[in-house]
Every structure is written in structure tokens, then in C-alpha cells.
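Every read-out reported here was derived from the displayed coordinates using simple, explicitly stated rules and does not represent laboratory data. Fair warning: this is a prediction, and the values are worked out from it, not measured in the lab. Backbone-built Cβ (ideal geometry, glycine too); neighbour counts: all protein chains shown.
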Amino acid sequence: MAKDGADRPQDESRRRFLKYTGTAVGGLVVGGVVGGLIGSQAKNAKEEPAPSPSGSAPAASNERDYNQALMFFNQEQFQTAEAAAERIFPTDDLGPGAKDLGAAFFIDHQMAGMYGTNARDYMTPPFQTAEAYQGYQLAFKRQELMALGLDALDEYSQDKHQSAFVKLSEDLQDEVLSAFEANEVELKGIPAATFFTMLRNLTIEGVYADPLYGGNKNMTGWKMKSYPGNQMSYYDAIEKDGLVKYEPQSLHDHLTS
Amino acid sequence: MATNMPKATVAIVGMGWVGGVIAAELTKAGHDVVGFERGKSRSTADYYHVHDELRYANRYELMQDLSKETVTYRNNEKITALPMRTYGSFLLGNGLGGAGVHWNGQYFRFLPYDFQIKSKTVERYGAGKIPEGMTIQDWGITYDELEPYFVKFEQMAGISGDPTTVDHVGKMSQPFPIGPMKQSPAVKLFRDAAAKAGFQAYTMPSANLADNYTNPDGIERAACQYCGYCERFGCEYGAKADPCVTVLPVALNTGKLEIRTFSNVTKIVHDGKKASGVQYIHVPTGEEYFQPADVVILASYVFSNTRLLLLSDLGKKYDPDSGTGVIGKNYCYQVLGAGTTAYFDDKEFSTFMGAGALGATVDEFNGDNFDHSELGFLHGASISLTQTGLRPIANNPTPSGTPSWGKDFKATSIKYANRSLSVGAQGSSLPFRHHYLDLDPTYKDAHGLPLIRMTFDFEDQDKNLVKHLAAQTKKIADQMGATKTETRDAMTTYNITPYQSTHNTGGVLMGDDPATSAVNNYLQMWDADNVFVCGASAFAHNSGYNPTATVGALAYRTAEGVGKYLAKGGSLV
């Protein structure tokens, strides 16, 4: 079998990087592939609009976001997911909630991809009843659990309150979600809490993951939390007292032509 | 049928820290080495878009693909082990550099006490101090004997740390090659608080370079930028020491190392006394090959080293009923239940900045640095505050009683994201007779081979340790001027779901007696003198520290042993 020549770990770009960054300590790193990105970020930083103070749609953009379409959910599931996510991370004085941040699009996109299909999980049978400490043991894929759970949110809302979940008041929506969280709902043999925890965690991811995944729109999730996103260096700031503020950068700012 | 390959002098299974160190040392000495890596190749160029919490921290980009292979787990022998289907408790490495790519770089030499834990315990407290079922044993090597190998790893990796050591850790014959990391306000606050509580805090020794560094092999690396993306991430600067930016290039530059990626070794071929080589599967095609070699070195993770020996029927399998046999014995972990979180209503910290090994540590309650006469446990923990760089998906600190979602959750988690600090205790994990590794009877990997099965739980030893150490973390945190502190001091059953630590140890122990250990103090197998098994699999227990320093020192020791074996043959002890 042939030797894999590509295994040489210290590649050329790194050599260049090191060459140009020989004096990295004490100042901004310049030159090299990574250094070039720092320069472009410093420029971008000043052009970023201020964080949106209210709960309205964040930072205006006249362009349509063609990423906002559905890969997995049907329309009803999407609306239910969006409404539930909004209760998990609601709009308030601090800023937008999960809905305006695009968390439901994030969840839809995740369900359509390898996370939703458990592509990197061990899904080989036999599936057996687990002790509480042995972790996830369902034969069900995450996207199947998600669809089942969202449909169940609606069914439960109809049974209890004679209305679709999306049409319930916020208080009643919270009540329904709490019932799922507390495992008080029958979900075809699956613990309802497992579905709720997944939905909760995906919502938080949709709020705070890099905007490239469809949520955290305009980095507003980060701005609320004073998280600066993708910065290359805090070498000159790490010793400073208090909270050092930055305009956030996303990985989009990291692409080089 | 497996295709025969031309014979190599040395075959190394696994191209992480251990395989890299040994490959570099042996090739520099002129030996030909073939290195097997089941995963892909890697370089710093892969990390230009590494600041992606979702992809790397939550979706485990750099970790082993569990659909192909995982471990099974049970709390005790009465229940059926089930596969770890998705990641939780610990994260398995894969690809060139292995877990050495996505570590934090926290570097601690184990204590002199660790290597002679049994004899020192008996000496100070009497044999009755060791509880029924606890199987601590000496390592067959002393701290002083291992000391020169720690120095070698430190010089190679460029470890940064204080120029002098505190009283209660092992003496260093040479200071760290680089001075300490910068001190953030949070770290400084911890150090001052520790001093007020009467403890000696020191700068956490770090494999994230505090300064530009050229190592004895001529490898140049740039200083750490404190970007906050170490653990679970690769370093785009090469500032964090990992095998791909240190030892592997050195080995490759000799022209004497051939790395075969996507090559999964499934068997050591042997006659019961000597290995003739290894059998492996070329993963993309499924084709089988046989690689003859004079020396076979297992240099993969704890689970893979142990599993490969069991799959190959090499060495005496451990039997928990009789306590005899050695392969799979003394599986240990890390005890992390103790800690105190401090919440500050009127003070903010830039906790998003950081480095994997930016922090300070207190060792008064580690090892046998304190009197255990009246305590219901042995050993202890290091107590540290680290600023590794908190990322927004994971960083949602809330005082107890706060809901995990909704209005209060949002407001509280955002409020404290930059207003909370945590003092944590990293506890030792001591072995018990019924904590062990063997082959699972049911579940198989993608090639149809049995998965490794872990039988493990926390014991009274661990629960008592957590209680005592938690009180010490509170003593320090209470001096930090916080609005309030909350202490975690309860530990229950081991749970595979929440992330705890990727510090799994044991299974192929080193020692001075073939009846109780699998390898001697050169990591050479008692039962096959041309097979060396190196890594944390050799640890007879796990200390209250991160394991990589000791893994690295043992790798240098192994390299020396293999060199001696190639010159003279036979048992090295």
C-alpha cells in the first residue's frame, strides 16, 4: 500500500505563518494565513452595526435570507417548533428570543443533517432497556423523535386545551412544555422528557451557535451575552480587569478569497 | 487472506502523543518505524475555521466516530452493559495526533506518592487503612527514576510554568523551559483567595506556549494568543503542544517514519512468547494486511490498548472473581464532583478569553500531602481555577433553583455568563477489584469485533473524597469577594451521560511483579518481550491531576527501553 504523503503535519502554510509571526508576543499577530484574517477582522469590526436593543427583528438587512427555508419540518411542525423554542428562550428586555434569532430554522437544518440522523452515533442493535445511568438507548433517530415530539405537543394541547400549541397563550404553552419536561406525557413509549431536553438543548444551540448554521441571527444571541464570537487573539487583553467589549465576528468574517 | 507487507523494525499502533514521542526518538536513533493510525491525517491548516463551538464542542468533530466503534458500560456485574451510543462522560480521540490534538494542555507531573502509593500508605497508616476491595499497588518505578523523562517531555513540548515549585510536589531537576502564562484577573483573584485561606497556589503548568519557543529538535512554535479554543479544538497557531506540531514532524523529517492513516490494527500476531507483527484493516477498502515487525508497540488510548491485547489473546486476562490475571485490571477514572461556584453581582470578568491551561492550582489536599488518619478515603485532589475560555452554548451558569429554560433562565444565564467563577477539585480515582475492562459478549464494532466493556462505579472512597475536597474549595471561594457561593459536594452513581473527564486509565498496568502487572517499568510486556504497551493504560491508579505529563514521561521511558531491546534483546529488567 502506498505511503500517504499528505501525512506531513507541519504543512507549508504553517511554515509561512511561523515565518511571518516570529514576533507574535507583545503585539498583534501579523502576516501568514491566520495573521491575514486578524487584519481583515480588525477592519470589519468598526463597520458592524450596534446591537439591536429591542425585541424586534435584529439588525436590519434589506436582502432576503434564502437560508430560511425548510429542509426537514413540514410547515406545522416548524411553527410548533418555533413557538416552543420561543418559550424556551423568550423575547425580553435583553433582546430577541429564539424565534427572531432563527433558532427554529437552526433546528430544522440540524434535523436534516448528520446530527438528526445520528450518523456518528452507535446505532447497532440490540436496543435494550437501560439503567438510568447508561445514557441514550433509543433505536429512534433524533429527527424521528423531534417530529413525534412536536406532533405530540399539538395532540396534548388539543386534548387539554382544545387548541393547537401555537394558538395557546404563553402561560398555557409553558404549562404544556412543563408537562413534557416532567415526563407527564405518554409519547409512544419514549420518555417525553427526552424529547423536551433535546428541544431545549437545540434551542440554546440555535441561539448561540455561529450564524452560519441558521440561528443566532446577525450574532444577536452573542451580543446579548457580550460574547465576541470568533476573535483571533486576546493576547493584549487577557490581563485587563472587567468585561472587555468587542463587536462580535462570525466565521463568515474568516473566509479568505 | 491478509496481504503480507515488507518487514519493519518497529510497528507502532496509534499516532498520538505516545506513538509520536516513541517514533521521534527511535527514528532519530536510526530505526525504521511504521506508524498505524486508524483515522485521518491532520495539520494546523485544518483549524482556520476552528472557532466553531457547535461543530467541535457539541458535535465532536475531532472525536472517534461512534457509529464505527464505541465502548459498553455497566455500573456493576449484575446488570447488562449497554453501548455508549452518543458522547457524554468522556471523548475518544481519533486521527493523527489522537486525543493529544484536543486536550487543554494542563500539565502536571504525578506526585512521588503516586508511584509508591501502596507502600507509602502502609508505612504511614498501616495496612488496615486500605479498604476491602481496593487494589492499589506500586508502579514499579519511583518518581526519581521517572524524573529525567518528565524533563524530556517538557523540553520537547515547551511547558510553561513557575520557575520554582511549591513544597508539596515532586522536585524538578530543571525548571520549565518557559516562564508562566499571563495572569488574568480571575486567576489572580483565586491566587489571592487561596493565600488568604492559607494555601500555596502556583501557576498551572501549561502546554500552551507562554512565549515563542524553539525546542531541542529545532521545532519553532508561536506563543499562545489566549483565544479560548483549546479543549475539543485543534490549535490553529500550533501554540498548544500536540503531536502534529512537535514530535511527528521530527520523526517524518528523518525519512524513517512511514505513517499509514486509515489503517486499523485489529490483532497482534504472536506465538505466546513473541509477536511477529500486526494485522490491520485498510479502512476505506476493508482489505486486510499483515505487517511483520521486530518490535510491536501499542500506543493508543486506554480502551484500545486493552482491547487489542484481549482481541489478540496476549497476556493473562483479568478475572475479577479471583483477582488474578492482569489485562483489563484497575480501570480508573477521575473524581470531579467537588467544587464551588462564585457568583458576582457587582463584578465582571472576560471569561470568554482564556487558554486551555490558564489557571492556578493548590495541592495541599492532593496525594498524601495531608493527614488521612481520620478520613474515610485515601489520596485527594488538586484544586484549581482555570480560565479555559467559556463559550456561549455551554456557558449558562445559574444559581440553584433557576429553571433550565424560559424567562428566568434567559435573564439569569446572561447575567452570570461573565459574572461567575468556579473553583474545582480534580480528584484521584483509586482502583477496586470489580472495576475492570473486558470484551463485551454482545456488541461489536464495524468490523464485527467485540467492543470493550467497562464495569465501573463510584465508591465510598470517592464520595468521602468529594465531601472533604468540596469543603476546601469553599474555603477558597469564600475569600473571593463573591455575592454568593454554591458548593457541590454530593456524588452519586457514575453516569455515562454528562461530560466529566477524558482521563480514563488502567487496563495494562506497569509494575515489578508479573503476577500483578502486565508490563515492566520500560512498559515491556512480561509475557512477550518484543511487545511494549504504553499510555495511561499503564497507570495502576489515577492521580488528582491531568494524566498527560505522566503519559509523556512514560513514552520517553518506553522509547529508551525499545532502543535497549533492539540492541540487546530479552527482558529489560
Applying a 10 Å radius around every beta-carbon, put B:237-248, A:128-139 in order of their mean neighbour count, most first.
B:237-248, A:128-139
Compute, for the stretch B:51-136, the length of the dipole vector about the Cα centre, with Cβ point charges of +1 (Lys, Arg) and -1 (Asp, Glu) only. Units Debye, rounded to 20.
300
Can you show me the helix-derived [θ] at 222 nm for chain B, built from DSSP H runs with n ≥ 4 at -39,500 (n - 2.57) apiece and divided by the number of residues, rounded to the nearest 500.
-6500 deg cm²/dmol
Calculate the FRET efficiency for A:Asp151 and B:Ala411 from the Cβ-Cβ distance with a Förster distance of 41 Å, rounded to the nearest 0.05.
0.85
How big is Rg to Rh over the stretch B:233-324, alpha-carbon atoms, Rh as the Kirkwood inverse-mean-distance radius?
1.06
Of all beta bridges DSSP finds with both residues in chain B, what is the antiparallel percent, to the nearest 5?
70
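How do the peptides B:269-276, B:18-25 rank, highest first, by the average count of neighbouring beta carbon atoms within 10 Å per residue?
Put in order of decreasing packing, that is B:18-25, B:269-276.
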Hand me the GluC sites (Glu not before Pro) from the stretch B:111-189 located in a DSSP loop with no more than 11 other Cβ atoms within 10 Å, in residue order please.
B:Glu132
Give me the three principal axis extents of the stretch B:3-568 from the C-alpha atoms, as integers in angstrom, largest value leading.
69, 54, 49
Dipole magnitude (debye, nearest 20) for chain B, charges at Cβ of Lys, Arg, Asp, Glu
840
Vicinal HN-Hα couplings computed from phi for the stretch B:362-373 (Karplus, 6.51 cos²θ - 1.76 cosθ + 1.60; Hz; Gly/Pro x):
10, 10, 4, 10, 10, x, 10, 6, 9, 7, 9, 3
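Which trypsin sites (Lys or Arg not before Pro) from the stretch B:42-134 combine a DSSP loop assignment with at most 14 other Cβ atoms within 10 Å?
Values: sites: B:Arg42, B:Arg55, B:Arg59, B:Lys68, B:Arg74, B:Lys78, B:Arg85, B:Arg109, B:Lys118, B:Lys120, B:Arg124, B:Lys129; in loops: B:Arg42, B:Arg59, B:Lys68, B:Lys78, B:Arg85, B:Arg109.
Loop-located and lightly packed - B:Lys78.
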Could you give me the ³J(HN,Hα) list for the stretch A:170-181, computed from phi with Karplus coefficients 6.51, -1.76, 1.60 and θ = phi - 60°, whole Hz, x at Gly and Pro?
4, 4, 5, 4, 4, 4, 5, 4, 5, 5, 5, 4
Could you give the nm distance between label points at A:Asn67 and A:Lys188, where each point is 7 Å from its Cα heading toward the beta carbon?
3.1
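Out of the chymotrypsin sites (Phe, Trp or Tyr not before Pro) in the stretch B:466-534, which ones are loop residues according to DSSP with at most 16 other C-beta atoms within 10 Å?
Taking the stretch B:466-534 and a limit of 16 other Cβ atoms within 10 Å, the loop chymotrypsin sites (Phe, Trp or Tyr not before Pro) found are B:Tyr499.
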Cβ-defined net charge surrounding B:Thr442, 13 Å radius [Lys, Arg +1; Asp, Glu -1]
0
Centre separation in Å (Cα based) which lies between the stretch A:80-94 and the stretch B:380-455
27
What is the magnitude of the charge dipole of the protein assembly as shown about its Cα centre, with +1 placed on the Cβ of each Lys and Arg, -1 on the Cβ of each Asp and Glu, and no other charges, expressed in debye to the nearest 20?
1360
If you find the alpha carbon centre of the stretch B:258-333 and of the stretch A:186-257, how far apart are they in angstrom?
41
Check which residues have an amide H placed less than 5 Å from A:Asn183's amide H, if you skip close sequence neighbours.
A:Ala193
Shape of the stretch A:135-257, Cα gyration tensor, a/c cut at 1.5:
prolate
Output field shielding_mean for B:185-196 (other chain Cβ, 10 Å radius) holds 1
Here, B:Arg433 and B:Lys274, labelled 7 Å along Cα→Cβ, have an inter-label distance in nm of 3.9
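More than 56 Å apart: what percent of Cα pairs in the protein assembly as shown qualify?
Tail of P(r) above 56 Å: 7 percent of Cα pairs.
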Charge dipole (the stretch B:3-568, unit charges on Cβ, about Cα centre) - positive-most of B:Pro163, B:Val302, B:Gly367
B:Val302
